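The values are calculated or read from the model by the stated rules, or taken from the named source; none is laboratory data. Bear in mind that the values here come from a model prediction, so they are computed numbers and not experimental data. In this analysis, Cβ positions are derived from the backbone assuming ideal geometry, glycine residues included, and neighbour counts consider all displayed protein chains.
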Amino acid sequence: MGLLGFALLMLLLLWLAATDVPRFCVATLLLAGIPMTLFTGDRLLSGALDSNTQSIYMFVVASGTALALILQLNELQDELHRRTMLVVLICYAVGRLAWAGSMVYGIRMLAKLSCPLLFLVLSSIAVRQGLTERRIQNAICAAGVISLSLAIINYASGGIIAPRLESPGLLGLTEVSAPFTSPADFSFTLSGALFVAYGAWNARRSPWMLAIVIAMAVGLLLALCRAAIAGAVLGLIVFHVAGRRVKIYQSVIAVAVIVLGAVILANTESFKTRMFFDPEHVSWSMLVTDRETFLANIDTSGRDELWSEALHDFRDESATFGGGIGSVDRWIRDRYVRGAELHSDVFRLYLDLGVIGLLLFVAAISSFVFRLISTVRATNAVGGGQASAPRIALAALACYCLTLFTDNTLNYVTQFGVWVFCLAGAASSSEPGEVSTAEARPMGQERPRAFQNVID
């Protein structure tokens, strides 16, 4: 029954992609809060196509996004003209597929990299067809609440849905995570909902949004993922810095709260246990008094050793072009048990695509950031308020980029990935200062017909 339900859900998603782009986007955002492995368990296919349900879902979302873009060909051309670096990056990644050591792993990595970027383009088109900021926010917040609720139910029941994590967390609890979901994936999902809810609360002062902000923040701390916590803090800072008016006293209070919270968290036993090999004999003051001992005690969860081995094994590959897209995933699969990852997507992009690919990725992200900043400035210049949508997108992008250094953020395509790039695409759907089609369309006017490009 679970497999049948999953199959019907995927068919429905593909039907929406072909017939109703705004609803396809909303459905994809909402489903980010539901681990697809709930339907069938962890593994579904084996052998060369070794995959779980979540991976298959990723390909469905990627296929649906591609299908929707093809059927919106006229609007797609306009969008791609405005997003040159995105096109160049995807074309380069497709070209490096010819050098992939494994076509299966190459296509997987290409899907991970390109799906969120293409979803950005589709989201921009969807906004022009009537998708509103409020619907995007509601879908993301609802997905965050679903994910957190699943985590609470599973934890409180002792693992009735999936085995609980055993790593120690805060307050004497073990780490909290949604069923079949890693703490990082779960934390990034909560941080995305946190940014959206905080931006909505900042704009409307809704008590419901404030409750979601608090719930997401508590869940984020209980998951105890260091990268996600740091990314959430950076994102909130970026959100406020991007505002039109930031008063001095507000900045002082915000900095004081962040510093106080960081000091309290950093000195908890659980955090120090995660941070150091020998937490009882290491203090933060040693960063100044005995830096060598301090750095030697930092627990990177094996990242430094794995990165050293990767550098050694990829030493014969071209630093300029990389070893071919998907080569790192194949290397990991050949050397380690299932579930191991490189834990640095910046490093993975470098090894896969070389310096050129990494620079193209940075250029593409930078183009999104500059466009959002221009949108914020244009909105402020015409008295459009605090431009919450582009500020939320900037916060999410800041968090996303920070986590790329020490985590597998590109793997979370259908969760945090589509959220971040949907927010960026929707917030930059119009030229700075331009009134979007969605805003100009009178209430109640029909959406474009399904298959409009095919029929017309």
Open item on the list: Contact list please: Cβ distance under 9 Å, first residue in region 68-92 and not assigned by TED's automatic domain parsing to the domain that holds T28 and modelled with pLDDT under 90, second residue assigned to a helix (DSSP H, G or I) and surrounded by fewer than 18 Cβ atoms within 10 Å (Cβ to Cβ), pairs at least six apart or on different chains.
Closed with: none
Open item on the list: Looking at P179, P183 in this structure, which one is without any contact (Cβ under 8 Å) to a residue 60 or more places away in the chain, crowded, with 19+ Cβ neighbours inside 10 Å and under 23 Å from the mean Cα position of the chain (by Cα)?
Closed with: P183
TODO: Specify which of the listed residues (T289, T268) is of a type in the set (S, T, Y) and either touching a Leu at 6+ places or on another chain (Cβ under 7 Å) or in contact (Cβ under 8 Å) with a residue 40 or more places away in the chain (or both).
DONE: T268
Task: Which listed residue is modelled with pLDDT of 90 or more and crowded, with 18+ Cβ neighbours inside 10 Å, from L165, L194, L210 - done: L194
- [ ] Restrict the check to region 196-209 and report whether at least one residue is among the hydroxyl-bearing types (S, T, Y), in contact with a Pro (Cβ under 8 Å, 6 or more places away or on another chain), without any contact (Cβ under 8 Å) to a residue 24 or more places away in the chain and not in a helix (DSSP H, G or I).
- [x] no
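Yes or no, residue by residue, for (1) crowded, with 18+ Cβ neighbours inside 10 Å; (2) more than 21 Å from S430 (Cα to Cα):
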| site | (1), (2) |
| --- | --- |
| L67 | no, yes |
| L80 | no, no |
| G106 | yes, yes |
| T132 | no, no |
Task: Residues of region 342-383 classified as outside any helix (DSSP H, G or I) and over 16 Å from N411 (Cα atoms), total - done: 2
Open item on the list: Against the conditions (1) in a helix (DSSP H, G or I); (2) touching a residue at least 60 places away in the same chain (Cβ under 8 Å); (3) closer than 21 Å to T403 by Cα, where does W307 fall short? Just the number, please.
Closed with: (2)
Task: Matching residues, region 243-293, being out of contact with any helix residue (DSSP H, G or I) (no Cβ under 7 Å at 6 or more places or on another chain), at pLDDT 75 or above and among the basic types (K, R) - done: R291
TODO: For region 131-154, state whether one or more residues are over 29 Å from S388 (Cβ atoms) and among the charged types (D, E, K, R).
DONE: no
- [ ] Identify all residues within region 267-297 that are exposed (fewer than 12 other Cβ atoms within 10 Å of the Cβ) and either in the same structural domain as D334 (by TED's automatic domain parsing) or among the hydroxyl-bearing types (S, T, Y) (or both); write none if there are none.
- [x] S285, T289
Open item on the list: If I filter region 140-155 for residues that are of a type in the set (S, T, Y), over 14 Å from C422 (Cα atoms), surrounded by fewer than 24 Cβ atoms within 10 Å (Cβ to Cβ) and modelled with pLDDT under 95, do I get at least one hit?
Closed with: yes
